[in-house]
Amino acid sequence: MQSKPQTCDFAGLIANAQAQAQQIASAAGSSVGRIAGVSASTSNGVGNCSATVTFGLGYSGNPGPHAISVTASRTSTPLPDQILISISVTSGITFGLDDISNVITQAGVPGASFSSVYTAYTYDNKGNASPFLQWSFTLTAPLATLKNTIGQLLSAEAALSKQKLGIGLSFSTGALQTSPQAQPACSQAALIADATAQAQALAGAAGVSVGPITAMSAAPVTTARLGATLSLLAGDFSAAQLIVYPNFVPSPPAQSTCSMLVQFQLY
């Protein structure tokens with residue numbers, strides 16, 4: 001059961017800020033004038049219970065501009081819709097990248113992206129070394145068709161082992177991902193509405209009025225791709241009947257955050 005978000009005591013915050021400002025002004029032989037600026041932030045429409053208040057010093061008409069600035073942000077957690085699969089291929093040292101790419105494509109695994117290659121060695125019982133190449137590829141597959149993709153990889157693994165080309169294939173599943181098309185779009189209208197509500201709450205607590213929007217600045221969308229891991233455990237992976245047993249390692253899913261700074265005229 002989720003607890004209700006706490007309501008910010010803006011009146012208390014502003015009164016505290018005014019008391020501190022008056023103490024500083026008194027030390028300088030002056031007095032605190034009207035509020036000239038207020039800034040705060042809100043996340044998903046809930047205030048963070050902090051505010052920065054700017055006061056005019058003494059009375060000189062308090063020339064502007066006077067503004068209330070609010071940084072509004074919203075965080076969403078889209079569901080992952082694809083998975084990254086690592087493919088490992090071993091071959092003789094005479095094979096090139098084009099050769100390997102053509103072989104795995106013809107074996108029924110198109111679309112794999114090359115990652116790296118290095119020379120490895122096997123040793124016989126006398127300590128004699130035989131070099132071979134270790135190739136690494138990645139394949140991004142939709143979760144909706146994961147069963148079919150695993151079946152294609154298993155078929156390719158079996159086919160290559162029968163062709164006697166000296167090429168071996170193995171694979172493992174990696175992190176869950178969210179494709180760009182599955183990312184939710186940022187709602188600027190929602191961010192502006194959050195900022196407006198926060199500005200009105202601050203203005204009411206400060207005894208001032210909010211005017212029209214004077215400036216807006218949207219920050220780039222930030223995405224934290226944490227993901228989870230999917231492992232394939234022992235099961236029946238025959239061509240006729242493929243059974244996949246997923247084992248999810250708990251990990252926070254990817255999150256996207258949209259934010260916007262909105263400035264209002266203060267009266």
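Name the residue that is farthest from THR173 (Cα to Cα), counting only residues in segment 85-123 that are in a strand (DSSP E or B) and more than 33 Å from the chain's Cα centre (by Cα).
Looking at residues that are in a strand (DSSP E or B) and more than 33 Å from the chain's Cα centre (by Cα), I get TYR123.
Scan segment 82-103 and tell me whether some residue there is under 30 Å from LEU191 (Cα atoms) and either modelled with pLDDT of 90 or more or among the basic types (Lys, Arg) (or both).
For segment 82-103, residues under 30 Å from LEU191 (Cα atoms) and either modelled with pLDDT of 90 or more or among the basic types (Lys, Arg) (or both): present.
Quick one: which of LEU202, LEU154, LEU133 is in a helix (DSSP H, G or I) and assigned by TED's automatic domain parsing to the domain that holds LEU97?
Result of the check over LEU202, LEU154, LEU133: LEU154.
Need pairs with beta-carbon distance below 7 Å; first residue in contact (Cβ under 8 Å) with a residue 60 or more places away in the chain and within segment 26-40, second buried (at least 18 other Cβ atoms within 10 Å of the Cβ) and among the aromatic types (Phe, Trp, Tyr); sequence gap 6+ or separate chains.
Pairs found: ILE35/PHE55; ALA36/PHE55.
Would you mind stating whether ALA185 is modelled with pLDDT of 85 or more and farther than 25 Å from LEU154 by Cα?
Judged against the criteria, ALA185 is not a match.
Select from segment 30-44 the residues that are within 27 Å of the chain's Cα centre (by Cα) and assigned to a strand (DSSP E or B) and write down the one among them that is farthest from ILE213 (Cα to Cα).
SER43
Does PHE114 satisfy the criteria of being touching a residue at least 12 places away in the same chain (Cβ under 8 Å), at negative phi, aromatic (Phe, Trp, Tyr) and surrounded by 17 or more Cβ atoms within 10 Å (Cβ to Cβ)?
no
The values are calculated or read from the model by the stated rules, or taken from the named source; none is laboratory data. On a predicted model such as this, the values are computed, not experimentally measured, just so you know. So basically every Cβ, Gly included, is an ideal-geometry build from the backbone, and we count neighbours across all protein chains shown.
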